[in-house]
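Asker: Here you go, one structure.
The values are calculated or read from the model by the stated rules, or taken from the named source; none is laboratory data. Worth saying up front: this structure is predicted, and the values here are computed from it rather than measured. For neighbour counting, all protein chains shown are included, and Cβ atoms are generated from backbone atoms with ideal geometry for every residue, glycine included. Note: accessible area is taken over every heavy atom of the protein model, side chains too, but ligands, DNA and RNA are not part of it. Shrake-Rupley method; radii C 1.70, N 1.55, O 1.52, S 1.80 Å.
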Amino acid sequence: MPVTRIGVIGLGLLGSAIAERLLASDFDVLGFDVDSERVAGLASAGGGGAESAEEVAAACRRVVLSLPDSRVVRAVLEGISAQSLTGRLVMDTTTGAPSDAVAFGRMLHALEGHYLDTPIGGSSEQVRQRDAIVIAGGDAVALDRCLPVLECLGRRVFRAGGCGSGSTMKLAVNLVLGLHRAVLAEGLSFARHCGLSPALALEILKAGPAHSVVMDRKGDRMLNQDFAPEARLSQHLKDVLLILAEGQRHGARLPLSETHSALLRTARALGYGPADNSAVIKAYE
């Protein structure tokens, strides 16, 4: 079994970008997705295509998960035989519930393996550019063993603590990031409704103290109605619902996130769920 072989389960927007980064870093990548076209895409890029998650886990000591949510992660892990999971290092980039990450950690520990919740701070395009960050939770020794993989995906890897801490911190990041997008959308919409040029408004916002990376990455997309997905709006709504649930569990007041949830639901109802998360601006129209 090649030391450099890495398994990737889930080849959507983020998973395919992860696979590309690993290939570019000279890892041997074996990937699986329920969409056979995505598997074929990995094969055409120089990776290997598997017919099941079981095949990936059996062939790779280190496995990266990039799945829609914790429910799918659980189904995938429970669908892999104990023999194929024994001793595996699983790095889960899925944005999921922290309590689920703790449960998955126990599952892998019982099989002499390790589960690390390693969500990505950044879009699929930022991963391709190695301009994302990785937030890792889990056993420190296991994380050391996985660092060569994780460092390929982002410009910095943060250690958040034990299992579940990576997922919790990712929710905090997504809370702030999502509200930045919503505030930008509201500001541009406000300018337009007041008879100002939204393009001029964006230029001035970027030049002044309100400037943020969100303006650089999403501002022109909002102005040009370019919603080709780097990260889907429906996925961020899922994240906001996780944020609200986690806040309720810990007694945190989140009035802005409650409003944000309503905006995202409106955009989804208008048909923009599969679109890029910059389509939140449609909720103001």
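Asker: Yes or no: region 147-159 includes at least one residue that is acidic (D, E) and over 20 Å from G15 (Cβ atoms). Break it down into steps so the answer makes sense when it comes.
Answerer: Looking only at region 147-159, we keep the residues that are acidic (D, E), and these are 151.
Narrowing the set further to residues that are over 20 Å from G15 (Cβ atoms) leaves none.
No, region 147-159 has no match at all.
Asker: Kindly establish whether I18 is touching a Phe, Trp or Tyr at 6+ places or on another chain (Cβ under 9 Å) and buried (at least 22 other Cβ atoms within 10 Å of the Cβ).
Answerer: no
Asker: Go over the candidates L196, L237, L241 one by one and state the one that is out of contact with any Phe, Trp or Tyr (no Cβ under 6 Å at 6 or more places or on another chain), surrounded by fewer than 19 Cβ atoms within 10 Å (Cβ to Cβ) and under 22 Å from T95 (Cβ atoms). Break it down into steps so the answer makes sense when it comes.
Answerer: Working: L196 fails: under 22 Å from T95 (Cβ atoms); L237 fails: surrounded by fewer than 19 Cβ atoms within 10 Å (Cβ to Cβ).
None of the other options fit; the residue is L241.
Asker: Then there is this: I'd like to check which helices (runs of 4 or more DSSP H) are fully inside region 41-127 and have at least 1 residues that are crowded, with 19+ Cβ neighbours inside 10 Å and in contact (Cβ under 8 Å) with a residue 40 or more places away in the chain.
Answerer: 53-59, 70-79, 98-109
Asker: Now, a different point. So which residues in region 128-146 are open to solvent by 10 Å² or more (accessible area, probe 1.4 Å) and part of a helix (DSSP H, G or I)?
Answerer: Listed by number, the residues that qualify are R128, A140, V141, D144, R145.
Asker: Now for a different question. How many residues, within region 28-38, are of a type in the set (A, V, I, L, M) and surrounded by fewer than 20 Cβ atoms within 10 Å (Cβ to Cβ)?
Answerer: So the count comes out to 1.
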